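Worksheet: the structure to be examined is printed underneath.
Since every read-out is calculated from the coordinates, none of them should be taken as a lab result. On a predicted model such as this, the values are computed, not experimentally measured, just so you know. Cβ coordinates were reconstructed from backbone atoms using ideal geometry, including for glycine residues, and neighbour counts include every protein chain displayed.
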There are 2 protein chains.
Amino acid sequence: MQEKNRKRASGCPIAFGLDIFGDRWTLLVIREIMLRGKRTYSEILEADEGIATNILIDRLKHLESEGILEKRRDPENRRSFIYNLTKKGRDLAPILIEIIIWSGAHDHRPNARHDVLEKIRKDRAGFEADLRDS
Amino acid sequence: MQEKNRKRASGCPIAFGLDIFGDRWTLLVIREIMLRGKRTYSEILEADEGIATNILIDRLKHLESEGILEKRRDPENRRSFIYNLTKKGRDLAPILIEIIIWSGAHDHRPNARHDVLEKIRKDRAGFEADLRDS
DNA sequence: AATCACGTATTGCAAAATGCAAGTTAAATA
DNA sequence: TATTTAACTTGCATTTTGCAATACGTGATT
């Protein structure tokens, strides 16, 4: 398994964050859970981006070890596991929202999706509150 | 040189952003320019994190090609180049700010720096406006 | 108990990115 | 013209990614 133990010790908050979620996949896993209600390994695997199984399990373990996700057995399907966001994980919501806003302003591709952005524009506080409750 | 041409075509704004700055160094380069006033290759190289020369030049070229940085000769020192943020680059400020806030809440290391966070807490709008003017 | 299905996870390997050290180029100054 | 400064470039070992195939663990079915 990959390590991700390359942590910078500068004390800088940006570096601290990037050491945890500074890669192509970690925040996308958070997106699936926070914005799309996915909760299990296989649900996240089906997401439209096509994350590889080894990368996904690596990121799930990493996020769990960082205290961003909690893993427990699904009481309704005892061969499955449910990943839930902790407070630390839910607190990532404003970062995702700002990425959505930035991309909304600067993604000029014809297939760019702006639906979530519209929701945020209309009622950011409400949108964020919904995320945090889920 | 490395490529970074692994772009996802899903239309998702999170994926759009991560395809551009989803790695360990890109936002740290932006931090040096936006929060610490660095403007040249060698100024950024001296930053406390120790970025390698080939990685730095790769990221500068990448950010320039994405329209986030503009490169021009320094009129006062014609062997130097100045990198300035474009509007697209300055618009990354809220993302950096939210990362600082998140890390401020969740970085419990003894050497964690909270000085910038304090400024943001006291007057976020003012802080952000200063960044965007610089 | 043996078999099957499902969901989670691991392994092997090629390709790409990273990290480090050393070298090169171009412009200004002595 | 020689030297210094600033911006890169190159080579190479290591690490991470991406992909396909395979294995493991749990619960249901026969």
What do you get when you divide the Cα radius of gyration of the protein assembly as shown by 2.2 N^0.38 Å, with N the number of residues?
1.02
Given R₀ = 25 Å, what would the calculated FRET efficiency be for A:A112 paired with A:R132, taking r from the Cβ atoms and rounding to 0.05?
0.45
What size of dipole, in debye to the nearest 20, comes out for the protein assembly as shown about its Cα centre when the only charges are +1 on Lys and Arg C-beta atoms and -1 on Asp and Glu C-beta atoms?
160
Reachable lysines, given that their alpha-carbon falls under 21 Å from the alpha-carbon of B:K71 and they are not under 8 places away in the same chain
B:K4, B:K38, B:K61, B:K87, B:K88
Suppose R0 equals 22 Å; then what is the FRET efficiency for B:K7 and B:N54 from their Cβ-Cβ distance, rounded to the nearest 0.05?
0.50
For the stretch B:23-48 and the stretch A:25-81, what is the centre-to-centre distance using only Cα atoms, to the nearest Å?
33
Just the Kirkwood number for the stretch B:1-85, please: inverse of mean 1/r across all distinct Cα pairs, in Å, one decimal.
13.7
Kirkwood Rh over alpha-carbon pairs of the stretch B:60-121 plugged into Stokes-Einstein at 25 °C, 0.890 mPa s gives a D in µm²/s of 176
Average Cα contact separation per residue, chain A, under 8 Å, 6 or more apart, as relative contact order %:
19
With +1 on the Cβ of every Lys and Arg and -1 on the Cβ of every Asp and Glu, the dipole magnitude of the stretch B:12-93 about its Cα centre, in debye rounded to the nearest 20, is 320
For the stretch B:92-134, with only Lys/Arg (+1) and Asp/Glu (-1) charged at the beta-carbon, what is the dipole magnitude about the Cα centre, in debye rounded to 20?
120
Compute for the stretch B:92-134: radius of gyration divided by Kirkwood radius, i.e. Rg/Rh, restricted to C-alpha atoms, rounded to two decimals.
1.00
